Amino acid sequence: MPEHSGILEEMAEGKAVFWKNGGKPPAREVLGRLPIGMADVLEAEARLNRFAPFIRSVFPETGEGLIESPLVFVPAAKAALEKAYGKPIPGSLWVKADSELPVAGSIKARGGIHEVLKVAERIALEAGLVQEGSDYSCLALPKAREVFSRKEIAVGSTGNLGMSIGIMASALGFRATVTMSRDAKAWKKALLRARGVTVVEVESDYSEAVAEGRRKCEADPDCHFVDDERSIDLFMGYAVAALRLKRQLEEAGVTVDESHPLSVTLPCGVGGAPGGITFGLKSVFGDAVKCWFVEPVQACCMTLALVRGTPEVSVKDLGLHGLTEADGLAVGVPSALVWGLVKDLVDGAFTLEDDELFRLLAILWDSERRKAEPSAASALMGPIVTGGTPQTNHVAWLTGGLFLPEGIFEQMLSRGRELLGK
């Protein structure tokens, strides 16, 4: 994979590339000049904790009302990757299994649910439903649902963000509308409709789905639009993951410092989830953590923005069609907000052909019996592409897969095994 020379030409040809963010300033320096900081992350975490009693009452599968995923040591997957790609992986391999997050089944549960809860908290405070120190489980009562039912929450999505917004908004009693692009999978639309969510389908790409949802909501003062391209509340919800990961690493006895680096690979679409997590991780660990974005070759908008040094780009600039089996990453234009916040924090980005995603999905299942969507499985290529030292702890961030129907997963698994020659 080329690092710099001719990288745009390689991208235009639909080839996999690897770009390193050479010469970026120290993380502390970059963080010091941003308009957001750790106080904002802690505020988001506190909000999620306040809502834990409500979440526990409505979604008992969360246990204590904390929507969190396991950090799993996966030595068998490491060995399988080394065998499949003929390359040793220095260090240890872990997966952050947001593919198993309760309630929404994907990484979008973090940012999406946080923004819905922030809207609900504002309305509840204004209506006198809660006050400081209240037990938020009262927001599951009919009185609260009646108040929320007067409002609408809307979003444009390829699937997973729509599911997180729709499921939580509906659980609170909001009218929920998800405008979905052509890339959205039929089973995700069906799941949302079964939860009472209105699904609007548009025959266009992700960016147009967002624009369409935004237009409809702007005309209604009782509608809140969750803007995946422009929302700082989404970003902060994602950033909370860094605090959770820090605790999990400590519980696992994993040291993170300059001599024992953490290397985290994050699947990237518009950029919100990987950007927020990168911001959080750099805020917690500084330069002891390296963060890498991975995208499909046909929907490599953030990689393109990083290479060109501007968010004013589209994959169409390269003649790419933007279509990919990784529906959660099927984005042609990156978030300018996220690019501005993380362009000097992210350590690099790489792209993969769709076939690779299915190989990785099969490797993960056959070695560890963990289910992931193709977009999530892309993270497993991180240790192969980015390298490291014997002291590196690699974390592949699995972004979705819990609600993937068994029949569809079996088809994906068969495709991956066939590509592996099994």
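A short reminder: the numbers here are calculations on the coordinates, not readings from a lab. Small disclaimer: the values here were computed from a predicted structure and weren't measured. Here the Cβ is made from the backbone with ideal geometry for all residues, glycine too, and neighbour counts use every protein chain on show.
List of remarks:
- Rounded Å value of the spacing that divides the Cα centres of the range 305-364 and the range 159-217: 22 Å
- Tensor-based shape of the range 1-62 (alpha-carbon gyration tensor, a/c under 1.5 rounded, otherwise prolate or oblate): oblate
- Isolated Cys residues of the chain, judged by Cβ distance under 4.7 Å to other cysteines: Cys138, Cys268, Cys291, Cys300, Cys301
- Calculated FRET efficiency, Leu66 to Thr389, Cβ-Cβ distance, R0 = 30 Å: about 0.35 to the nearest 0.05.
- Dipole magnitude for the chain: about 580 debye, using +1 per Lys or Arg Cβ and -1 per Asp or Glu Cβ, origin at the Cα centre.
- In the range 215-307 the Cα-Cα distances spread across 10 Å bins starting at 0 as 15, 38, 28, 14, 4, 0 percent of all pairs.
- Label-reachable residues, the range 308-330, where backbone N falls under 12 Å from a point 7 Å from Ala211's Cα toward its Cβ: none
- Cross-link pairs beyond the 24 Å C-alpha cut-off, checked among Lys96/Lys290; Lys118/Lys151; Lys151/Lys343; Lys151/Lys216; Lys188/Lys216; Lys118/Lys371: Lys151/Lys343; Lys118/Lys371
- Distance between the modelled labels on Arg369 and Asp222, one decimal in nanometres: 5.0 nm (7 Å Cα→Cβ projection).
- Placing pseudo-labels 7 Å out from each Cα toward the beta carbon at Asp257 and Glu146 gives an inter-label distance of 6.0 nm.
- Ranking of Glu82, Glu29, Glu229, Glu295 by count of other Cβ atoms within 10 Å, fewest first: Glu29, Glu82, Glu229, Glu295
- Dipole magnitude of the range 108-232 about its Cα centre (Cβ charges: Lys, Arg +1; Asp, Glu -1), debye to nearest 20: 420 debye
- Each label point was placed 7 Å from the Cα along the Cα-to-Cβ direction; for Ala12 and Glu250 their separation is 5.1 nm.
- A DSSP coil position with no more than 14 other Cβ atoms inside 10 Å describes the following trypsin sites (Lys or Arg not before Pro) in the range 288-388: Arg369.
- Its DSSP H runs of at least 4 residues, each contributing -39,500 (n - 2.57), put the calculated 222 nm mean residue ellipticity of the chain at -13500 deg cm²/dmol, to the nearest 500.
- Of all DSSP bridge pairs formed entirely within the chain, close to 20 percent run antiparallel.
- Sequence-ordered 3J(HN,Hα) estimates for the range 20-28 from the Karplus curve with 6.51, -1.76 and 1.60 and θ = phi - 60° stand at 9, 8, x, x, 6, x, x, 4, 4 Hz, glycine and proline given as x.
- The DSSP beta bridges internal to the range 223-369 are antiparallel in roughly 10% of cases.
- Across the chain, the relative contact order, built from alpha-carbon pairs under 8 Å that are at least six residues apart, equals 21 percent.
- Local electrostatic count, Ser181, Cβ distance below 14 Å [Lys/Arg +1, Asp/Glu -1]: -4
- Residue by residue, the range 179-187 carries 3J(HN,Hα) couplings of 8, 10, 7, 4, 7, 5, 6, 4, 5 Hz when phi is fed to the Karplus relation 6.51 cos²θ - 1.76 cosθ + 1.60 (θ = phi - 60°); x denotes Gly or Pro.
- The range 65-132 shape via C-alpha gyration tensor axes, a/c threshold 1.5: prolate
- Amide H contacts of Trp397 (H built 1.01 Å from N, under 5 Å, at least 5 apart or other chain): Lys96, Thr265
- Scaling the Cα radius of gyration of the range 108-232 by the globular reference 2.2 N^0.38 Å produces a ratio of 1.03.
- The peptide list 243-251, 50-58, 108-116, put in order of mean Cβ contacts within 10 Å with the highest first, becomes 108-116, 50-58, 243-251.
- Backbone phi angles across the range 308-320, fed through the Karplus curve with coefficients 6.51, -1.76 and 1.60 (θ = phi - 60°), yield HN-Hα couplings of 7, x, 7, x, 7, 9, 8, 4, 5, 4, 9, x, 8 Hz in residue order; Gly and Pro are listed as x.
- When both bridge partners sit in the range 64-201, DSSP labels roughly 25% of those beta bridges antiparallel.
- Cα-based equivalent ellipsoid of the chain: semi-axis lengths in Å, sorted from largest, via gyration tensor: 32, 23, 22
- Panel order for Cys138, Cys217, Cys300, Cys291, by other beta carbons found within 10 Å of each beta carbon, from fewest to most: Cys138, Cys217, Cys291, Cys300.
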